[in-house]
Amino acid sequence: GNWTFTTKVAGQLAEPEGEWEQLCWESGKRFDFIELGLPLSHGLRLERQILFGRQDRVLYFADIIFPTDGEPRDLEHTFNLPLASGTVWTPENETRDGILSGTRTRAAILPLALREWRADPRSGALTVGDGRLTLAQSGRGKSLCCPLFIDLDRDRAAQQRTWRQLTVCDMLEVVPPDVAVGFRAQSGNDQWLIYRSIKQPGNRSVLGHNVAGEFCAGRVVDGAFKEWIEIEPV
């Protein structure tokens with residue numbers, strides 16, 4: 001089915017103003033990665049990333065919305081992923097993650113940019129309705145990053161999970177999330193790190209790892225980052 005989206009700026013609907021363009025495609029021993037771009041009305045742009053960790057059996061989806069003039073805006077973005085017939089969504093009671101299952105567990109879903117605990121009402125929601133998984137986020141800034149992390153390992157997905165929005169620093173100064181974002185996802189005993197520079201890339205650090213590129217991702221093993229991919233700035 002279709003991966004659909006709705007974007008609003010200051011409450012006004014932003015429409016596509018062109019066709020999807022492939023910005024990047026990389027494939028390695030452990031991953032496949034693609035990035036697409038789409039111009040929107042009201043001076044916005046959508047960039048969509050899909051990363052598949054082949055050996056680890058994890059997926060990272062992200063839509064990034066940003067004004068092309070670099071000015072902060074009130075942004076809202078929702079995307080919808082179709083679910084196979086018979087798929088059941090079971091959200092956790094206290095946290096915003098959950099399980100997709102049929103006759104057995106199929107996958108765990110972690111909304112990386114949302115606050116983990118439901119008691120914190122900020123940032124957005126992850127819901128299921130009409131056969132679609134929906135991530136909704138909003139905020140004011142120069143960009144809005146809307147990511148999902150999906151664990152496709154059935155046995156591991158049934159274990160405990162957690163995630164964090166990481167602090168990103170540039171020359172010892174904390175970078176705001178509309179400039180660069182970092183996320184740590186954990187499922188069972190396994191952990192992963194994802195970083196995305198939204199504005200001009202710089203020599204930054206996230207979770208003790210120095211990165212100068214636009215995007216990087218990989219696995220955290222015994223406290224050390226084992227990089228799968230780093231996309232250099234153009």
**OP:** Pairs only if they're at least six apart or on different chains, beta carbon under 8 angstrom, first in the stretch 104-126 and surrounded by fewer than 18 Cβ atoms within 10 Å (Cβ to Cβ), second at pLDDT below 85; list them, first residue then second.
**Re:** Arg115/Arg122; Arg115/Ser123
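What number of residues within the stretch 76-93 are over 21 Å from the mean Cα position of the chain (by Cα) and farther than 13 Å from Leu133 by Cα?
Of the residues in that region, 2 qualify.
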Subject >> Options Ile65, Ile34: the member that is assigned to a strand (DSSP E or B) and either out of contact with any Leu (no Cβ under 7 Å at 6 or more places or on another chain) or farther than 26 Å from Arg122 by Cβ (or both) >> reply: Ile34
Original post:
Can you tell me how many residues in the stretch 68-86 are in a strand (DSSP E or B) and farther than 20 Å from Pro16 by Cα?
Top reply: 1
**OP:** Evaluate the following for Gly70: is it farther than 25 Å from Val128 by Cβ, among the small types (Gly, Ala, Ser) and either under 14 Å from the mean Cα position of the chain (by Cα) or at pLDDT 95 or above (or both)?
**Re:** no
Original post:
Just to be sure, is Trp25 more than 22 Å from Ser138 (Cα to Cα), surrounded by fewer than 16 Cβ atoms within 10 Å (Cβ to Cβ) and in contact with a Leu (Cβ under 8 Å, 6 or more places away or on another chain)?
Top reply: no
Original post:
Got at least one residue in the stretch 28-35 being small (Gly, Ala, Ser) and either modelled with pLDDT of 95 or more or open to solvent by less than 20 Å² (accessible area, probe 1.4 Å) (or both)?
Top reply: no
Subject >> Within the stretch 138-171, tally of residues that are more than 22 Å from Ile65 (Cβ to Cβ), open to solvent by less than 10 Å² (accessible area, probe 1.4 Å) and at pLDDT 95 or above >> reply: 1
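The values are calculated or read from the model by the stated rules, or taken from the named source; none is laboratory data. Just so it is clear, the model here is predicted, and its values are computed rather than measured. Virtual Cβ from ideal backbone geometry, glycine too; neighbours counted across all protein chains shown. Quick note on the areas: whole protein, heavy atoms, side chains included, nothing else; ligands and nucleic acids left out. Shrake-Rupley method; radii C 1.70, N 1.55, O 1.52, S 1.80 Å.
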